[in-house]
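Report on the following structure.
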Amino acid sequence: MVAQFVAGAALPALEGTIDSAVAGREHGGRVTAGLAWAGASRALGTAGAVTVAPTLFDRLGVSLTCLCLAITCVAAALVGGIVAIRRLNRRRLRSRIERVLFDAATVSAGRSSGRRAHA
C-alpha cells in the first residue's frame, strides 16, 4: 500500500519535472512541440515497459528480475553522479580560469594606466 502511494506520488512529480525542464529549455514558440515530444517519449517508454515486464517476470522470475532492475538503477545512478561531478568540476575550473584571466587583465590595465600617468 505504501509502495503504491509512493509510486503514485513519484510518477506525476517526475513528469512535472521533465515538462518543466523541457519548457524551460525551449524558446521561440517551440514549447508546445517540446512538451509533445516529451509526452510521446513517456508514452513510448510506458508501452515498452508494459510489453517487456510480463515477459521478464515470466522467464526470470520476480526476484531475479527485481534484482537485475535494482542493479541497473544503481549503475545508472552512479554514472549520473559521475557525470554530474565532472560537469561541476569543469564549471569550477572554468570559473577559476576566468577569474585568473580577469584579475591578470585588471592588474595589467592598472600598470599600463599608471605608466601613462607618470610619463
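Odds and ends about this structure:
- Inter-residue pairs, beta-carbon under 6 Å, first under 23 Å from Pro12 (Cβ atoms) and in the stretch 46-61, second assigned to a helix (DSSP H, G or I) and polar (S, T, N, Q), 6+ apart: none
- Residue among Arg59, Arg92 that alone is exposed (fewer than 10 other Cβ atoms within 10 Å of the Cβ) and either assigned to a helix (DSSP H, G or I) or at pLDDT 90 or above (or both): Arg59
- On the stretch given as the stretch 60-86, residues that are small (Gly, Ala, Ser) and within 15 Å of the chain's Cα centre (by Cα) total 5.
The values are calculated or read from the model by the stated rules, or taken from the named source; none is laboratory data. In this text, all values refer to a predicted model and were calculated from it rather than measured experimentally. Here Cβ is always computed from backbone atoms with ideal geometry, including for glycine, and neighbour counts include all displayed protein chains.
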